[in-house]
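The values are calculated or read from the model by the stated rules, or taken from the named source; none is laboratory data. Note that the structure is a prediction, hence the values are computed from the model and not measured. Glycine also receives a Cβ, built like all others from the backbone with ideal geometry; neighbour counts cover every protein chain displayed. With ligands, DNA and RNA removed, areas are computed over all heavy atoms of the protein, side chains included. Shrake-Rupley method; radii C 1.70, N 1.55, O 1.52, S 1.80 Å.
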Amino acid sequence: MSDRSTILGAIQDRPGGALPIPWPGPTVDGELVSRFTTELGILGAEVVSVDRLSELAGMSVFADEDVPTEFLRGFNRSDQVWDAEVGMTLADFAIADTGSLVLNSGPGRHRLASLAPPHHIAIVARANILATSEAAIAALSARTTVIVTGPSRTADIEGVIVRGIHGPRTLWVLITG
């Protein structure tokens, strides 16, 4: 018996120590949204309705050029990402099993909008919520991609989690369609 087999056998033989079964993925659209919403919430982010944008009315926003103007109403547009209070992006995909967002780069798509302002709002189409990370990676078409998994957080100092040190403190996701 190999060392690997010995170790895996010992883990599986422990009470409650069986290896987890990978999530097989949802079978219907609603399960994808539900799983994504749950995983996103675990990360400290949330799926919100368009109505919640009014809570940020009057704030400065740096947005990707392809963000529909209907989502920008009530914000003050900024062309300086480092001075903006809100960054707004279109996500190419969402990953249900991790609560992550996939943001491709390209003309008019400034990845810093998801990284620099203290509040990040991502918009993703319901049809673009994929079950797994593998499905998202297979769908990538851009050379430069950012995968956002929750608000910025670090535990560099004494293992205490602090949000917003290296990026947005909050992340809201709007699901359209």
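Key figures for this structure:
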{"item": "Failed item in (1) over 28 Å from residue 154 (Cα atoms); (2) open to solvent by 30 Å² or more (accessible area, probe 1.4 Å), with residue 90 passing the rest", "result": "(1)"}
{"item": "Any pair with Cβ under 8 angstrom, 6 or more apart, that starts in the stretch 140-151 at a residue that is modelled with pLDDT under 85 and ends at one that is open to solvent by 60 Å² or more (accessible area, probe 1.4 Å) and not aliphatic (A, V, I, L, M)", "result": "151/163; 151/169"}
{"item": "Hits in the stretch 37-60 - residues which are in a loop (DSSP other than H, G, I, E, B) and of a type in the set (A, V, I, L, M)", "result": "43, 45, 48, 57, 59"}
{"item": "Residues of the stretch 66-96 satisfying the condition of being out of contact with any Pro (no Cβ under 7 Å at 6 or more places or on another chain) and under 30 Å from residue 132 (Cβ atoms)", "result": "66, 67, 68, 71, 88, 89, 90, 91, 92, 93, 94, 95"}
{"item": "Scope the stretch 61-86; condition among the charged types (D, E, K, R) and in a loop (DSSP other than H, G, I, E, B); matching residues", "result": "64, 65, 66, 73, 79, 83, 85"}
{"item": "Residue 104 being surrounded by fewer than 21 Cβ atoms within 10 Å (Cβ to Cβ), polar (S, T, N, Q), out of contact with any Ser or Thr (no Cβ under 9 Å at 6 or more places or on another chain) and under 18 Å from residue 68 (Cα atoms)", "result": "no"}
{"item": "Residues that are of a type in the set (A, V, I, L, M, F, W, C) and in contact (Cβ under 8 Å) with a residue 40 or more places away in the chain, drawn from the stretch 75-96", "result": "91, 93, 94, 95, 96"}
{"item": "Yes/no for residue 81 being in contact with a His (Cβ under 7 Å, 6 or more places away or on another chain), closer than 17 Å to residue 168 by Cα and open to solvent by less than 70 Å² (accessible area, probe 1.4 Å)", "result": "yes"}
{"item": "The stretch 57-74 residues that are crowded, with 19+ Cβ neighbours inside 10 Å, paired with ones that are part of a loop (DSSP other than H, G, I, E, B) and hydroxyl-bearing (Ser, Thr, Tyr) (beta carbon under 6 Å, 6 or more apart)", "result": "62/78"}
{"item": "All positions within the stretch 128-139 that are open to solvent by 40 Å² or more (accessible area, probe 1.4 Å) and closer than 23 Å to residue 170 by Cβ", "result": "128"}
{"item": "Search result, residues across the stretch 87-127 that are assigned to a strand (DSSP E or B), in contact with a helix residue (DSSP H, G or I) (Cβ under 7 Å, 6 or more places away or on another chain), of a type outside the set (Gly, Ala, Ser) and over 14 Å from residue 168 (Cα atoms)", "result": "93, 95, 102, 103, 123"}
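To keep it simple, each residue is scored yes or no on (1) among the hydroxyl-bearing types (Ser, Thr, Tyr); (2) at pLDDT 95 or above; (3) open to solvent by 20 Å² or more (accessible area, probe 1.4 Å).
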| position | (1), (2), (3) |
| --- | --- |
| 25 | no, no, no |
| 31 | no, no, yes |
| 39 | no, no, yes |
| 76 | no, yes, yes |
| 110 | no, no, yes |
